[in-house]
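**Student:** Below you will find the structure I want to go over with you.
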Amino acid sequence: MAQQKKIAVLVSGGGTNLQALIDAQGRGELGNGKITLVIASKPGVYALERAANAGIEGRVLARKDYDSIAAYSKALADEMTAAGIDLVVLAGFLTIFDEQVYEAFPNKIINVHPALIPSFCGKGFYGLHVHGAALAKGVKVSGATVHIVTPECDAGPIILQKAVEVMQDDTPETLQRRIMEEAEWKLLPEAVKLFCEDKITVEDNRVFIRE
């Protein structure tokens with residue numbers, strides 16, 4: 001049996017994607033991975049309560065406690081390296097970090113984005129802004145993408161995508177909810193499992209998945 005991979009989940013808010021991962025872990029669906037650490041970018045967020053309820057260690061690394069992105073990034077990289085983390089999952093983590101984290105975890109940071117990249121992604125496209133933009137454009141399908149995180153926003157290699165139908169009477173809120181339920185909460189655990197089973201390789205900014 002391969003050695004179990006330790007997963008850190010980085011959060012800034014309620015932690016719905018964290019909960020999806022915790023639930024998947026409870027069902028034995030993270031393969032060879034286990035969430036061993038949850039780091040929040042601010043104190044008092046509900047995601048920390050979710051971690052505590054699941055018996056997972058939660059820590060706060062508050063951005064306001066550091067005088068620069070570089071100092072914060074170093075602390076974040078050091079914290080996760082010391083904890084022996086193998087995979088970093090961004091689950092609504094809204095704090096910017098620099099190359100120190102990427103260098104410590106090359107091709108080992110993944111994120112879920114609530115659209116079909118390269119549509120509705122990049123700077124400023126987060127949360128309801130993504131769904132508002134999709135509806136304003138009148139798209140018939142949207143969805144979610146799990147990708148490897150690189151220094152360029154939302155531009156890293158794509159691991160998994162799933163399309164979700166857009167309804168004519170959708171609001172940003174209803175579309176957000178449907179994409180979460182039908183795509184994000186399914187894709188993220190699946191991508192984590194693939195990573196933890198060593199089935200993902202990256203070549204020329206493309207992800208190849210081994211059967």
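The values are calculated or read from the model by the stated rules, or taken from the named source; none is laboratory data. Since this is a predicted model, take the numbers as computed values, not measurements. In this analysis, Cβ positions are derived from the backbone assuming ideal geometry, glycine residues included, and neighbour counts consider all displayed protein chains. Surface accessibility is based on the protein's heavy atoms, side chains included, excluding ligands, DNA and RNA. Shrake-Rupley method; radii C 1.70, N 1.55, O 1.52, S 1.80 Å.
**Student:** Where does the chain land on Rg(C-alpha)/(2.2 N^0.38 Å)?
**Tutor:** Normalised Cα radius of gyration, the chain: 0.98.
**Student:** Which listed residue (ALA62, CYS121, VAL45) has the Cα farthest towards the positive end of the charge dipole for the stretch 19-122, taking +1 on Lys and Arg C-beta and -1 on Asp and Glu C-beta about the Cα centre?
**Tutor:** Positive-end residue among those listed: VAL45.
**Student:** How large is the charge dipole for the chain, taken about the Cα centre, if only the Cβ atoms of Lys, Arg (+1) and Asp, Glu (-1) carry charge, to the nearest 20 debye?
**Tutor:** Once rounded to the nearest 20, the dipole reads 200 debye.
**Student:** Give me the angle, in degrees from 0 to 90, between the Cα long axis of helix 185-196 and the longest principal axis of the Cα atoms of the chain, rounded to the nearest 10.
**Tutor:** 40 degrees
**Student:** I would also like to ask the following. Just name one of VAL202, GLY14, ALA75: the one whose Cα is farthest towards the positive end of the charge dipole of the chain (beta-carbon charges, Lys/Arg +1, Asp/Glu -1).
**Tutor:** The residue sitting farthest along the positive end of the dipole is GLY14.
**Student:** Treat every Asp and Glu Cβ in the stretch 121-211 as -1 and every Lys and Arg Cβ as +1, leave all other atoms uncharged, and give the resulting dipole magnitude about the Cα centre to the nearest 20 debye.
**Tutor:** Its charge dipole is roughly 100 debye.
**Student:** Which semi-axes, in whole Å and largest first, does the equivalent ellipsoid of the stretch 1-93 have when worked out from the alpha carbon gyration tensor as the square roots of 5 times its eigenvalues?
**Tutor:** Ellipsoid half-lengths, sorted descending, are 23, 16, 9 Å.
**Student:** So which lysines can LYS162 reach, going by Cα to Cα under 28 Å and dropping same-chain residues fewer than 8 places off?
**Tutor:** Partners within reach: LYS5, LYS6, LYS34, LYS108, LYS123, LYS137, LYS140, LYS186, LYS193, LYS199.
**Student:** Taking the Cα centre of each part, how many Å lie between the stretch 39-60 and the stretch 98-158?
**Tutor:** A separation of 24 Å, based on Cα centres.
**Student:** In addition: Please work out how much length the chain gains when fully extended from LYS140 to ASN107, using 0.36 nm per residue of separation minus the C-alpha to C-alpha distance, in nm with one decimal.
**Tutor:** Difference between extended and current length: 8.7 nm.
**Student:** Using heavy-atom solvent-accessible surface (probe 1.4 Å) with all chains present, what is the largest-first order of CYS121, CYS196?
**Tutor:** I get CYS121, CYS196, largest accessible area first.
**Student:** Ordered by residue, what ³J(HN,Hα) values in Hz, to whole numbers, does the stretch 152-164 give under the Karplus form 6.51 cos²θ - 1.76 cosθ + 1.60, where θ = phi - 60° and Gly and Pro are x?
**Tutor:** For the stretch 152-164, the Karplus-derived couplings read 7, 4, 6, 10, x, x, 7, 8, 9, 9, 9, 8, 9 Hz, x marking Gly and Pro.
**Student:** Could you pull out every one of the lysines with an alpha carbon less than 18 Å from that of LYS42, ignoring same-chain neighbours closer than 8 positions?
**Tutor:** LYS64, LYS74
**Student:** Using amide H atoms built 1.01 Å from N in the peptide plane, name the residues 5+ places from VAL38, or on other chains, whose amide H lies under 5 Å from its own.
**Tutor:** VAL9, GLU57, GLY58, ARG59
**Student:** In deg cm²/dmol and to the nearest 500, what is the mean residue ellipticity at 222 nm of the chain if only DSSP H runs of at least 4 residues count, each as -39500 (n - 2.57), divided by the residue total?
**Tutor:** Only helices count here, giving -9500 deg cm²/dmol.
**Student:** Binning every alpha carbon pair distance of the stretch 52-94 at 10 Å from zero, what are the percents per bin?
**Tutor:** Each 10 Å bin holds this share of Cα pairs: 22, 55, 22, 2.
**Student:** What translational diffusion coefficient, to the nearest whole µm²/s, does the stretch 41-154 have by Stokes-Einstein, given a Kirkwood radius computed over alpha-carbon pairs, a temperature of 4 °C and 1.567 mPa s viscosity?
**Tutor:** 83 µm²/s
**Student:** Hey, any idea what the orientation-averaged projected area of the convex hull of the stretch 66-130's Cα atoms comes to, in nm²?
**Tutor:** 5.0 nm²
**Student:** What angle, in degrees between 0 and 90 and rounded to the nearest 10, separates the Cα long axis of helix 16-26 from the longest principal axis of the Cα atoms of the chain?
**Tutor:** For helix 16-26, the angle is close to 60 degrees.
**Student:** Now for a different question. Need one number: convex hull volume per residue for the stretch 147-209, Cα atoms only, in Å³.
**Tutor:** Cα convex hull per residue, to the nearest whole number: 99 Å³.
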